[in-house]
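Down below is the structure, laid out as structure tokens.
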Number of protein chains: 2
Amino acid sequence: MKNTIMALIQESRFKELKSVIEKINVVDIAELFELLNKDQVIIVFRLLNKEKAAEVFSYLSRDNQQFIIESISDKEIKNIIEELFIDDTVDLIEEMPSNVVNKVLKNADDVTRKTINLFLTYPENSAGSLMTTELVDLKKEMTVFEAISYIKKYGVDKETINNCYVTNKFRKLEGTVSIRKLILSDDESLIEDIMNTDIVKVNTFDDQEEIAELFKKYDYTSMPVVDKENCLVGIITIDDIVDIIEQENTEDFQIMAAMTPSEEEYIKTPILMLAKNRIIWLLVLMISATFTGAIIRRYENVLQSVVILASFIPMLMDTGGNAGSQSSTMVIRSIALGEIQFTDFYKVLWKEFRVSLLVGFILAFVNFFRILIFDKAGLPITIIVCFSLFATVVLAKILGCLLPIFAKKVKLDPAIMASPLITTLVDAMSLILFFTLSNTFLDI
Amino acid sequence: MKNTIMALIQESRFKELKSVIEKINVVDIAELFELLNKDQVIIVFRLLNKEKAAEVFSYLSRDNQQFIIESISDKEIKNIIEELFIDDTVDLIEEMPSNVVNKVLKNADDVTRKTINLFLTYPENSAGSLMTTELVDLKKEMTVFEAISYIKKYGVDKETINNCYVTNKFRKLEGTVSIRKLILSDDESLIEDIMNTDIVKVNTFDDQEEIAELFKKYDYTSMPVVDKENCLVGIITIDDIVDIIEQENTEDFQIMAAMTPSEEEYIKTPILMLAKNRIIWLLVLMISATFTGAIIRRYENVLQSVVILASFIPMLMDTGGNAGSQSSTMVIRSIALGEIQFTDFYKVLWKEFRVSLLVGFILAFVNFFRILIFDKAGLPITIIVCFSLFATVVLAKILGCLLPIFAKKVKLDPAIMASPLITTLVDAMSLILFFTLSNTFLDI
């Protein structure tokens, strides 16, 4: 398919091209644009009809969006803005340089411009900044027949008609009714009698993460957004929620790997930005790790007499880190999915404690024979290493489950309490224990 | 709300209770069940009307589902199965003990039983195991009016009517048409003329991860599933996809923290299962870490003469681990989100190489002064530590980006190549370099 289209473009057979493109999904057309050179972008974009042009536009890369806005006429821009959903226009404005923003605003009608300005006042990642205003609102006095006629008349520009919203004359939200319910009801039924009044709604200032939770919990495909006075101001649709879920997950992955989170696509992030996002935590953790070094230095005399002890440091550190990271990851993830609360504190602690005893024992047991047989380190050292290992695993798992829960309690992101931080903490404690035991029980 | 309901239950005011419950969302009713004792579960469940009972049932915990099936009459079970969507029934059968499964199958009608058996033959996590068969299929010869009448007649039992599917007499999929398109079209239009023929569909054997990718890419809310002969056999809806996205993310989090992935909710997983999921990787990584110990033992003489070298081991190991985990996390995540392919290999490598030079240099620079001023380790040792640190960071970032890409290439899960494995690898290489340099350049 792509080859056919590229051939048609190269041979300037635009009429055929137009008819081919008309049959392709807008997402696929947008993907195609990434293969075109600047001239071709404009040519192919102009082959699209008004409605499709706006849809394709909303799926284009920022570079291509910017280039198109800079290249096309004011009238063409007007057409696009008219067709774009308001949330896509706002996204565009937030991401474009000022010359493009000006060109867009200049060509927006007064209502759109006012709406855009209102949207820009909502905090980033709030319901207000995610919603779109293109929704179907019905009145409860309407009959089903009247409602469907209304939708037939005004529905074409709405982002979705699958769910409709019932408001009173003050725009207060009174109920919701799905298109399914409308279709399956008698023409003469009153909206009032078939509408759903146990409305799950969000407020303009609610955070996207909470909103995503609600969508997941109730299996909705769209949700109404109301302002402080309970007036309906917009809707949020599931396609945006899917993006948010992935975005929140990416953020967690990044924080858990000791990075400053960024919404930028990796491959498009400049290296200076990547370095900036990574260096802070690396510096912090490096400095913390030097404290662990200081501990070793304090026990220099122990190491001096029994140098072989140094060879167990990597194994203790790595196993402690891994054991802690397992627990913290499970707990961070369970908090993110809403499966555990602060009240589950003792339950989690008790669970992790028992798991750590079990896992710690198995590791120490295996290690006992390994050290005796392969390392031939002698019984006293073997026992000290194995006991330290056991204690490290228990400690790591307890810290690994407690810290994320506490972080959540004090309104920090639990994801901070992940592998890197836990590893650094556990390292220090594990080595103190290891050297104290060695110092006390070995003949030094 | 919850308190009112609990009071009504305690006071056995069931008539009032029934009218209160009727106005509550099924998800919230299901949540309420978790607070009830066994007797109350059955009483409240029987207050629900047939349709709502099945909906609430599909949201209940497994324990409550099992208990209800075991307690209610065959006729009541029949009613539930009749109302449940086939994908929920199949989920139920897959998760219940055999006595419950038998009771369910015994009360299913022949068609349902046959469908269930067919579903059970699809591989876990395939489109076949996710789909539901309750869909609206239209014929292209229908007019819009006929189609809507058809939906009015048969739509009530369908999982969604928002998208309808057009099939020929052999059930081959010929097009899709949204309810929106139907509502907005003239009554006399032919389905053939308004249906969408650039159909994005999946095959019964496609994996859920790929399907989720398609949903994300095309912003769909449902997608048709066809068999090998392109016959329509079911649909997958977005609510299931949202669950899958979270499930796939959880799996990645678990694998990246060196655990065997499990779909079980953390708080409900027995500790033996938790320990089992964690011990394998801990053992593997512990054994690998002892190789790092062997490296240190090889350089015992170096350590013996300059014991202070041991105090830099934690810092080198932790920083290497963190630097590598940053890169591997970014790359694993980008692969999971479909942002990078194997062909981006050189691009990623070049990017990470430059980032590593930058980050490594800053870390070494800061460390240089810290060691000179605070540790007073002398210039030769300081230079060796800083150079080792720099090389470790570069190495860690290069391994961190290469290994996940290679894993993907050889069809392994890139998530395996995360922090724990990279850390173990980088540890060994970093210490070899550190001790070789020390051995060569220090007066030993």
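Does the stretch A:268-356 come out rounded, prolate or oblate by the C-alpha gyration tensor, with a ≥ b ≥ c the root eigenvalues, rounded set by a/c under 1.5 and, if not, prolate when a/b is larger than b/c and oblate if not? Oblate, since a/c reaches 1.5 and b/c is not below a/b. Of B:K75, A:K152, the sequence from fewest to most neighbouring Cβ atoms within 10 angstrom is B:K75, A:K152.
Taking the alpha carbon gyration tensor of the stretch B:266-441, multiplying each eigenvalue by 5 and rooting it gives semi-axes of 31, 22, 14 Å, largest first. Across the identical copies, the label point of A:F170 (7 Å from Cα in the Cβ direction) is separated from its matches by 6.3 nm, in order from shortest.
Suppose R0 equals 56 Å; then what is the FRET efficiency for A:Y154 and A:L372 from their Cβ-Cβ distance, rounded to the nearest 0.05?
Approximately 0.10, to the nearest 0.05.
For the stretch B:202-216, backbone nitrogen atoms closer than 16 Å to the point 7 Å from B:Q341 Cα along Cα-to-C-beta are found at B:214.
Residues of the stretch B:117-151 falling in the label zone of B:E192, defined by backbone nitrogen less than 17 Å from a point 7 Å along Cα to beta-carbon, are B:138-147. Among B:Y59, B:Y154, the ranking by other beta carbons within 10 Å of each residue's beta carbon, starting with the fewest, stands as B:Y154, B:Y59.
Shown for A:E213: label points 7 Å from Cα along the beta-carbon vector, and their distances to the equivalent points in the other copies, 3.2 nm in ascending order. Sorted shortest first, the distances from the A:D187 label point to those of the same residue in the other copies are 0.7 nm; each point sits 7 Å from Cα along Cα-to-Cβ.
The lysine pair count for the stretch B:56-155, using Cα distances under 22 Å and pairs eight or more places apart or on different chains, is 12. Measuring nothing but alpha carbons in chain A and taking Rh as the Kirkwood radius, the Rg to Rh ratio lands at 1.13. The orientation-averaged projected area of the convex hull spanned by the Cα atoms of the protein assembly as shown comes to 41.6 nm².
Filter the cross-link list A:K38/B:K217; A:K50/B:K351; A:K201/B:K181 down to pairs whose alpha-carbon distance in this structure exceeds 30 Å. Pairs exceeding 30 Å: A:K50/B:K351. For a straight C-alpha distance cut-off of 15 angstrom, the aspartates and glutamates reachable from A:K408 (same-chain residues fewer than eight places away being disregarded) are A:E209, A:E210, A:D252, A:E339, A:D344. Rounded to the nearest Hz, the phi-derived 3J(HN,Hα) couplings of the stretch A:153-159 under the Karplus curve 6.51 cos²θ - 1.76 cosθ + 1.60 (θ = phi - 60°) are 7, 10, x, 4, 8, 8, 5, where x marks glycine and proline.
Amide hydrogen proximity for B:N163: with H placed 1.01 Å from N in the peptide plane, the residues at 5 or more positions away or on another chain lying under 5 Å are B:I179.
Computed over chain A, the per-residue total of -39500 (n - 2.57) for DSSP H runs of n ≥ 4 gives a 222 nm mean residue ellipticity of -20500 deg cm²/dmol, rounded to 500. Each of B:W281, A:W350 was scored by other Cβ atoms within 10 Å of its Cβ. Arranged with the fewest first, they read A:W350, B:W281.
Here each label is just a point 7 Å from Cα along the line to Cβ, and for B:N3 and B:K75 those points are 4.0 nm apart.
Values in this text are rule-based calculations from the coordinates and carry no lab data. Keep in mind that this is a model prediction, so the values were computed, not measured. Here the Cβ is made from the backbone with ideal geometry for all residues, glycine too, and neighbour counts use every protein chain on show.
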